[in-house]
Structures are given as C-alpha cells and as structure tokens.
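Structure, as structure tokens:
The values are calculated or read from the model by the stated rules, or taken from the named source; none is laboratory data. Just so it is clear, the structure is predicted and the values come from calculations on it, not from any experiment. In this analysis, Cβ positions are derived from the backbone assuming ideal geometry, glycine residues included, and neighbour counts consider all displayed protein chains. These area figures cover heavy atoms from the full protein model, side chains too; ligands, DNA and RNA do not enter into them. Shrake-Rupley method; radii C 1.70, N 1.55, O 1.52, S 1.80 Å.
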Amino acid sequence: MELQIKVAQAVHVLNHDLQSCNRVAANQWLIQFQQTDAAWEFATSILTSDHLRLHLPSLFADFEVEFFAAQILKRKIHNEGHCLQSEAKDALLNALLLAAKRYCSGPQQLLTQICLALSALIIHGLDHRKPVEQLFYSLQNLQSQESGNIAVLEMLTVLPEEIAEARSTFSFINSAPRGQYSQELLSHTPMVLEFLLQQFEKHFQDINHLHGRSRKILRCLLSWVRAGCFSEVPPGSLPSHPLLNFVFSSLQISSSFDLAIEVLVELVSRHEELPQVLLCRVQFLKDVLLLPALTSGDEKVVNGLACLMSEIGQAAPSLIVEASTESLVLADAMLRCVSFPSEDWDIADSTLQFWCCLASYILCLNVHDGKKIPNAEKIFFPIFSALLDALLLRAQVDDSTYDGNGGSIELSDGLANFRMNVAELLVEICHLLGSATYMQKIFLGGWVSGNMAIPWKEVEAKMFALNAVAEAVQHEGRNFDLSIIVHLATILPSGDSDVPKGYLCIVYRSLADVIGSYSKWICTLQTNARPLLLFLASGISRPASASACASALKKICEDASAIIYEPSNLEILIWIGEGLEMQHLPPVDEEEVVSAIASIVSTLPNNEQKHNLLNRLLSSSCDVVGKLINNDKEHIVKQNPSSYTQLLNSVARALYRMGTVITHIGPPSMGDAANDPLLALLRIFWPMLEKLFKTQHMENGNLSAAACRALSQAIQSSGQHFTTLLPMVLDCLSSNFLAFQSHECYIRTASIIIEEFGLREEYGPLFISTFERFTHAASVLALNSSYICDQEPDLVEAYVGFTSLFVRESPKTVLAQSGSLLEASLQKAAICCTAMHRGAALAAMSYISCFLEVSLASLLECMTNISEGAFSGVAIQVISNSGEGLVSNVLYALLGTSAMSRVHKSATILQQLAAICCLSEGTSCMTILGWQSLHGWLQSAVHGLPVEYLKRGEAETLVPSWLKALTAAASDYFENKTCNGRKTDLGHMQGKGGRALKRLIREFADSHRTLSTLT
C-alpha cells in the first residue's frame, strides 16, 4: 500500500507540479522504479483493483496512475516478458483481460494502452505454441460478458498493428515465429469479420451510439485489411461482402467518413477486382456526396473522394480508358475536384497522379495498340483539354499571395509544391493534345487586347505552363509565334504595364524562364534582341527576379550569340556588367551574368574592340580593388568598421568577376602577344593582385579566397605565358600562408601551379622552396594527432593535395632533392589518415598511396642500379624511416565506426608497401629495407595497440595471416604490372592475392568498428 501511494504521488507531481525541478526528480524516480520487479505487482494491482481509488480519490483523478501502470506493463513485457515464468505469464494475461473489461467504457486511451500491453504479451511473452489462438479463446469469453465487446473491438484493432510492427522492428523475434503469428492471426479472419458485422447490425438501430461505434468498427476493419485479411476470403466474394456495404454506407456519416475512405483506398490498392465494383458506384458518390460537398465547400469530403477516385483510376487505368459511362463520370468528378477553389492546393495535388497515369496509359496504348486507342483519344481529348484549363486556373497566384507594396515575395509553399508536381502532367497533356493544340490553348483569348487591362495572374500562370513543356514542344521541331513574349518583355520595363507592384517580381521570373527556355526561337529576329536584353537587365536589378533573369541572359548569349554582336546590343551587355558593382547580387547569379557577357565579348573577332569592352567591363572592379589597396587597414577600420566590411565584400566580388572574365577569354594567341587581350589584362591584373597580397587586408578569409580563385583562373587560362611570374607568385602565396595560416586557399593555389608547371625541371628549386615553407609552417607542424587533424580538415586536404601533385608532377631529379621534405610529409600524412574526418583521412591516404606508387615505378625502372642520389634510393630511405609509423597509423585507421570507408585505400597502401619490400630483397638496399622490415613494422603495430582493441588471441594470429596475404598481394601486383611481358597501369587489387588482402582488412575493420579510435 505504501509503495502504491508513493508511486501515485510521483505521477501526480510529474503531471501537475509547477516546479520543474520537482517534475524532473519525479520523472527520474519513476524511471528507476520501472526497472524493479516490484513494478509488475504495482501495475497489475492498480489495473485490477479499486481499493486505492476509493480511499485516495485526489491522487487517482483522471486515471493518470492507471494509465502509467498500463504503460509500465507494456514496456516491461517488451523488455522482460520472455524471462517470466509460465505461471506469471498466465496470471498477467488474466489480469490484463480483467483490466480490459473494467475499462471498456473508458477512458479510450487507457483501454488502448491495456490492449497494447496484451498484444505485447502475446508477441513477446507467452510460451504457448499458438499464442494468438489462446488470446482469441480468451476474447470469446470476454465477448460473452456484458460490455466486453468494446474491449474485444479495441484488442482486435491493435493486435494486427502490433504484430506488423514487431515483424519489422524487433530483431530478436526470429523469422519463423513472425510468420507464424501472421498466419495464425489471419486464420481467424472469418470469425473477426463476422464479429464486426454483428457489431454493426447490433447497433444499427441505436442512432445515439451508431456513429461512435462505426468509427471503432472501421478502425478495426482498417487494421485487418492492412494485415491482409481479405486474402483469406474466397476469390470473387469480396465485391458482395456485407462489410463492403457497411463501409460504403459509412461514407454518408460525417464522423466516420475519413475512416471509410481509408478502408476503401486500402482495399482498392490490395484487391484488383474492387476498382470495377467501386467504379459502378461512382455515379452515387458524385451525386450524393461530391456535388453537395462542392456546393457547400466541404473540403474534407471533396479531398477524401478525390483521393478515393484517384486510387481507383490508378489501380485500373485500363477500365478508365474503355470510356464507359462510369469511367466518364469518374473523369468528370475528378475534373470538378481539380477546379474546386480550396484555400490550399492539396485537393488538386491529390488528383495529379491519376491524370498522369491515365495520360501515360493512353500514350503507351497509342504506340502498342493502334486499333483501339484512336477512339479513346477522341473521347478523352476534350477531357484533357478541360483539365488543362482547370490546371491553369489552379496554378494562378491568388490575391493573398502578394501585398501590392512592391516587397520581395515568393510563391506560397503550397502553390510552389503544386507547380512542381503538375509540371510532369503538363508535359503528358502536351503530348496527348499535341503541341499545336496545347500552344493554341495557352495563347487563347489574347494576352494583350486593345485598351483592356492585361489579366496578369492568368498570363503568369500560362507562362509557367509554357515553360513546363518547353523541351517537349521544341523536340517536335515545329515553330510557333512567340512575339507576344517579346511584347511583354517590352512593356514590363517601360512602366506601362498595370502589374501590381507586389506581383511584378513573379511575372518577371516567369517571363524570364520562358525567354531562357525558348531563346533559340525568340532570338531568331535581330529586332528581338534589344527589348529582351533591356527586360533582362531590368529583371537582374530586382532581387526577387535576378536569378531567373541571369539564367535567361546566359541562355540567350549561348543560343543567339550572332545577334548579340550588333554594337547596340553589346552596349547593353556592357552596361549590365558595369552596373553589377552596385547591385549586390548573390555570387551564383553574378557569375551567371558575368559568364554570359564574357562569353560574347571573348568571341569577338576584333581584338581592339574586345580589349576596349573588357576594360569597360572590368573598370569598376579594378577601381574598387584599387580603393582598398590605397587605404591603410587600421585607418579605415577606426574610421568606419561597417564601411570597411562592405569594402572587403565588394573587393571579393570584384575579384570573382575578374576571375570569371579571365576564364572566358581563352588562351593567348601564338601571334601578336602585345595586342592579345588576355595578356593585356594580365599586365593589369597581376601587379594589382601583387599589391593586394602584400597588404594586411588579406587577413580576411573571404578576400583571400577570392584573390586565390582569381589567380588560379588566370594561371590556368594563360598557360606558359605565366611562367615569368612564377617566382613572384609563389613567394606571395607562401608568404601569405605563413602570415595567415588559417587560409589554406594559398596552398590550393600553389597546387594549381604545380599541376600546370611541375614537369618543368628548371623550376624545381622554386617548387622545393615552396614545399619547404608549407611543410615548416606552424599550422602544418601542429598536425601531430588525429584530434588536431579533425579540427583542421581543410588544411589537411590542402597540404596533402599539394604534396600529391608535387610527387606526381615533378621530375625524378627534383624528387631526389626533396628526400627530407618527402619523409616529413609522409609521416604527417600517416598521422592524418587516423582522423575521424572522412575527407581529411582519405586525402592523406591518397597521398601516401601516390608516393608509394611513384616509388614503385622508379624502382621497377632501375632495379639493377639503385644509387643513393637517385630518387629510387631516396624513396627506399624515406620508406625505411617512415614504414613503422605508416603501418601503425594505417592499422589505427581501420579501428572505429568510420573504418569501412578506408578499407580499399588501406589495402592498397599495404599492398604497395609489400611490393616495395619484395623488390628490395636481393638488392644492395636489402640491409635498409626488406621483407623483414615489413614483418617488424606489422609486429610492432599490432603489439602497440591497447589490449582492449584486440580480441583474445588476435595479436598472435593477425600478423602471420596478414603477412601471408601481403606476400600473395605483392606477387599479384608485379604480375599485373608486367602483364604479358609489358608494363601496365594495373596492379592494385587485381588478382586473387590482392582481393584476399582486401577481404582480410575489411573483416578486421568490420569486427572492430564498435571500438573507439585513439586520438
């Protein structure tokens, strides 16, 4: 008694105390209590006895304690039910059945919890060979008692759901009992369906309880339908089953309508004979339910019927295509649902799959059955024509979407989602009606008619529909008159239109999308270019339409470059470019605009004209960069910090524009270098950038990234013409990295230089010097643990990316001079490959593999003469000094949750090491590096692991098994490298030995993925 009172008090505090600390304490105590054995007795006594409720009514108000008790039983049965003795399980079953009977009249949530606990006991606890059958026997006894039917109904509702959830959730229930429970459950289908029918007939005359009882019956039936109960019913008997009539009649009861729809939808999706049956009743659904609901604006009924009829049509499109009277009634009803003016677009959206399915079916039949479908096309042509009208109406922006104040607005989420979903259907309609009819309907009525106001909402929706089918229309190859589009583009920027200000940006976006999609057609006339360019310039200046107009400008410049070359059109393009500095577009949109302009200017045949236009295009960018260079940082910051921030952002944007322009100019010509536009631009660009690099402004990460990006683009575009600047450029990059070591962009830019010019031996000392400065930088030296590597993943990726390119691109003579740097970088990469950060670890492993591959290639070329000064000799020395740490860190990288992604690279590295050690055997380097070296490294790495990282006895078996696999993998490597007597690029994981090694490493990683990785 005392314990029960204490629990009841804790539940009361948890639900009602005003102090959060008291509620937390009560919750913690109750969680601990649930773990005890006493919780079993407490919960069963509370649910089966009224003693405490009678003596302490204040603590047992609202059945909170009983509800908590039912939850306890459900959880404990889930977790501990299989541990109970048989007598305890039987007693618990009887207690729960008694509790279900006691609370059959409510509260509903408490009864549901009790039935959930009963289901859990059947699934997780009982030892009977047929636990479901035992439960049904008990339910029959309960059913014979007064008011027991309600408890039986609830139990029958939750049991199939719980069995289905147990099949997919609880792995400790093996597959045999799972299937047994389902089969045993379905074997009682006739009895359950008979019980449900009895319940309906019994309470049919009691109008006061019929509505509530109908919902309970439907919930139970829905649960059994989802379990597959009607699969147990004889074929052909479902359409005439009495319960189907009950479900159909429940559609006319407002309180049970939604559940009846759910049951019918579920039945239609599961039983192929049902669509035919329900199709015959569509006239009734339309006349009795749909039309009144449409008139009264009952969205619940309209939405439910739309979902049901859509499911019928999708389940049997062949029936709809037959164009029977019922099929046409269904199509008409669906059209009415599409046109229904609901506040959102859910109803129209729910019909889209039906129409898509029907259109696709008709189009497919047109291909495969030429005799049957022409008649169907003729019949359904007016239906899809009307559907297009309805969709255009629903796709319109409603008055509530815009405020008329000119603010930046977006389509509502509902309309945006509807438009995205309806685009596929519009394409199907276009195919079905034909592009000529589709386009005729789009332009029907005249968008611009005399002095009448333009219906902008209708026009904007039609532009959306026009854009949606652009690819399909143009694929047919027929040309259409799109002069109206040019006319709209002319009047919108002029201010002559009467578009509401708050709606203007939507119109701009839709019109820009159409211009971009149909640019090849619209720009066929020279006279169209100017109004289109002026429209796009106006749209780019508006934040809400800038993105669409920028994309359209790029499309026009790509598809209609010939007409843009006209001087007045070039002037408009440059004018757009000159205004970018003041417009503050998003970087992506600004790059689209600059790319479009630069692509036109760069292809001009006249170098002088090209040079002049480029100067004008970049004039504002050079000015803003010069403004920053000529001002001292401390002075500007003190004077106006916010202005300084704005200036930095402006310079970064200017550098992005300059880099984009440079990439479009193309490589310098081999002729007159003095007049080459790119070289002329570089003569301005580099001195300005050099000055910028030497200022303290570069402390800003965004500015550094923009400068490095522009420099990288200049290097890649100018090619060999940039070589004279390499010493100054690399000095700036390395110096700035040493000054601002959080900006890894300097290393990435140096990597591009190595990639472009690394093969040129005369620059070897310069590249080695840069390599040395990066390697000895404090931030790189600090990468001495996986924890630090995880804090600086971008730096790791940039540094090992640079070293990979240095090793891959540099001549062997340059690599031979870099022994100490290669050794330091290899040891650093070995540490980095243990990082948890996937990108950093894999990049480090790629560098290690790259170095080993280049070393192997060098060793294969000069096996008979390995000298200390040659790269092959240097490589052996580096590997000898670094091998132990390398193997140890690769082994560590294979521990923990992220290890599986590193299996392939780890196997490749170990195979390469094994191959190098095998090559060294029998040479003059054998005393430095050989098979015994690898054996020792592996032995040391395994025994260096903490004991908790290895299973018992694993240390003794791992080394011999891995060495055996490494021997075979090394042999495979050589065999594949010299396939058929010639050298190939193959080698890794190609043969049986390589695959065996990878399998061994994968198994090791998989069995150790739950262990923590040391940092």
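Laid out as a table, the results:
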| item | result |
| --- | --- |
| Only listed residue being among the polar types (S, T, N, Q), under 31 Å from the mean Cα position of the chain (by Cα) and modelled with pLDDT of 90 or more, chosen from SER360, SER385 | SER360 |
| Residue in region 242-273 that is least open to solvent (accessible area, probe 1.4 Å), counting only those that are without any contact (Cβ under 8 Å) to a residue 40 or more places away in the chain and either within 34 Å of the chain's Cα centre (by Cα) or over 15 Å from LEU305 (Cα atoms) (or both) | LEU244 |
| Members of region 894-916 that are under 28 Å from the mean Cα position of the chain (by Cα) and part of a helix (DSSP H, G or I) | ALA899, MET900, SER901, ARG902, VAL903, HIS904, LYS905 |
| Residues satisfying the stated conditions in region 590-614, i.e. acidic (Asp, Glu) and surrounded by fewer than 17 Cβ atoms within 10 Å (Cβ to Cβ) | GLU608 |
| Tally, over region 866-907, of residues that are among the β-branched types (Val, Ile, Thr), open to solvent by 10 Å² or more (accessible area, probe 1.4 Å) and out of contact with any Gly (no Cβ under 6 Å at 6 or more places or on another chain) | 1 |
| Search result, residues across region 334-349 that are over 14 Å from SER296 (Cα atoms) and open to solvent by less than 30 Å² (accessible area, probe 1.4 Å) | MET334, LEU335, VAL338, TRP345, ILE347, ALA348 |
| Set GLY991, GLY981: member being at pLDDT below 85, within 21 Å of LEU856 (Cβ to Cβ) and surrounded by fewer than 15 Cβ atoms within 10 Å (Cβ to Cβ) | GLY981 |
| Some residue of region 937-959 being modelled with pLDDT under 90, of a type in the set (S, T, N, Q) and either surrounded by fewer than 16 Cβ atoms within 10 Å (Cβ to Cβ) or not in a loop (DSSP other than H, G, I, E, B) (or both) | yes |
| Total residues in region 777-801, condition of a type in the set (A, V, I, L, M, F, W, C), assigned to a helix (DSSP H, G or I) and either within 27 Å of the chain's Cα centre (by Cα) or within 21 Å of MET836 (Cα to Cα) (or both) | 8 |
| Top-ranked residue of region 667-696 - restricted to ones that are assigned to a loop (DSSP other than H, G, I, E, B) and open to solvent by less than 20 Å² (accessible area, probe 1.4 Å), ranked as modelled with the highest pLDDT | ASP676 |
| Qualifying residue in region 641-655 (condition: open to solvent by less than 20 Å² (accessible area, probe 1.4 Å) and in contact with a Ser or Thr (Cβ under 8 Å, 6 or more places away or on another chain)) | yes |
| Every residue from region 752-776 that is buried (at least 19 other Cβ atoms within 10 Å of the Cβ) and in a loop (DSSP other than H, G, I, E, B) | GLY758 |
| Tally of residues being open to solvent by 50 Å² or more (accessible area, probe 1.4 Å) and within 16 Å of LYS76 (Cα to Cα) across region 26-50 | 6 |
| Matching entry among TYR438, TYR518, TYR508, TYR503 (being modelled with pLDDT under 90, aromatic (Phe, Trp, Tyr) and open to solvent by less than 40 Å² (accessible area, probe 1.4 Å)) | TYR503 |
| Residue list for region 615-640, restricted to those being open to solvent by 40 Å² or more (accessible area, probe 1.4 Å), part of a helix (DSSP H, G or I) and not acidic (Asp, Glu) | ASN615, ARG616, SER619, LYS627, LYS633, HIS635, VAL637, LYS638, GLN639 |
| Only one of GLY212, GLY236 that is outside any helix (DSSP H, G or I), over 19 Å from LEU308 (Cβ atoms) and modelled with pLDDT under 90 | GLY236 |
